[in-house]
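Since the structure comes first, as structure tokens, the remarks are kept for the end.
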Amino acid sequence: MNESPPTTPVCYRHPDRETYVRCTRCDRPICPDCMREASVGHQCPECVNEGRRSVRPARTAFGGGETGRQGYVTRTLLGLNVAMMLLSVGSAVVGGRPLLDVLLRGGTPLTEWGSVLGLALLSDGTVGGVADGDWYRLVTAMFLHYGLVHLLLNMWALWVLGRTLEAALGPLRFLALYLIAGLGGNVAVYLFSPANQPSAGASTAIFGLFAAIFVIMRRLGRDTSAIVPILVVNLIFTFTVPGISIAGHLGGLVVGALMGLVLAYAPRGRRTLFQAAGSAIILVALIGAVLVRTAALTG
């Protein structure tokens, strides 16, 4: 009786390719183009994809994912602030102002349009401000700066603090922290500064990041001795250097601390729900404060 010669195995995805290597999970023959290195041996593409779907993504203690380590939100915020600075400079140069004067002092048509302003007479003779319905100023002000030095100082702080916080919190939680802290500082300016005094800058959000990173590091049991001196120095500058918005810095600091507490101390079982609800409560409180202040200015 004649026996047929043994056949050489072929790749299950490429039948024209002979191979003696098999997937360690499904045992199907795979050619070099289909091999995916595994902890033991090689796997086929389908088994690798199935493994990825079945493995739960790693999360930080505060709910952040792996994407936060890339710093995409921090980089986007940096780019947005720089872009707004370029637009601000352009708006002034087109209006006939010297470039050097704009870079040093920074007052431009764009900062006049977007800075926090309670209620005042604008350069075109009209009355404007948050109390007159320009609520957008409470957001746009955190992306505008008075001069190049103002921008560079804030962006350096954002780069240092932002990457650490985004890695710990994840992109969405970090973005919420940044925006709500910045809004909180601008609301404080609206509440406690003269109604005709404009204010702008990312400092409101930056001070919020300082407070939040302190809270988060304490929650993790890490040493905060390096943060305290930097924060103290910034507070000294806030109270001693003319032209700095004390209300904006302190408002951002307080709201950033509150957001840090919400994000860091949320119970693990209902972490996302608690964080979202806490953030929403802070946001509603800020809106309520704006309504009260508007009523006082227009009543």
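The values are calculated or read from the model by the stated rules, or taken from the named source; none is laboratory data. These numbers come from a predicted model, not from an experiment. We place every Cβ from the backbone using ideal geometry, glycine too, and count neighbours over all the protein chains shown.
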- Note on the structure: With the first residue restricted to region 140-168 and required to be of a type in the set (A, V, I, L, M, F, W, C), and the second required to be modelled with pLDDT of 90 or more and not in a helix (DSSP H, G or I), Cβ contacts under 6 Å at 6 or more apart or on different chains are Ala141/Ser115; Ala141/Val116; Ala141/Ala200; Met142/Ala202; Leu144/Ala200; Leu151/His145
- Do the conditions hold for Gly107, that is, is it farther than 19 Å from Thr298 by Cα, in the same structural domain as Ala276 (by TED's automatic domain parsing) and not in a helix (DSSP H, G or I)? yes
- Task: Please identify the pairs in which a residue from region 251-264 that is on the phi < 0 side of the Ramachandran plot and touching a residue at least 40 places away in the same chain (Cβ under 8 Å) has its Cβ atom under 6 Å from the Cβ atom of a residue that is basic (Lys, Arg) and crowded, with 24+ Cβ neighbours inside 10 Å, counting only partners at least 6 apart or on another chain.
- Result: Leu263/Arg173
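Which helices (runs of 4 or more DSSP H) does region 132-238 wholly contain that include 3 or more residues that are surrounded by fewer than 20 Cβ atoms within 10 Å (Cβ to Cβ) and in the same structural domain as Thr76 (by TED's automatic domain parsing)?
Counting at least 3 such residues, we get 148-169, 171-192, 203-219.
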- Query: Taking region 277-299, which residues are in contact with a helix residue (DSSP H, G or I) (Cβ under 6 Å, 6 or more places away or on another chain) and farther than 23 Å from Met259 by Cα?
  - Reply: Thr294, Leu297, Thr298
- Gly90 in a helix (DSSP H, G or I) and at pLDDT below 80: no
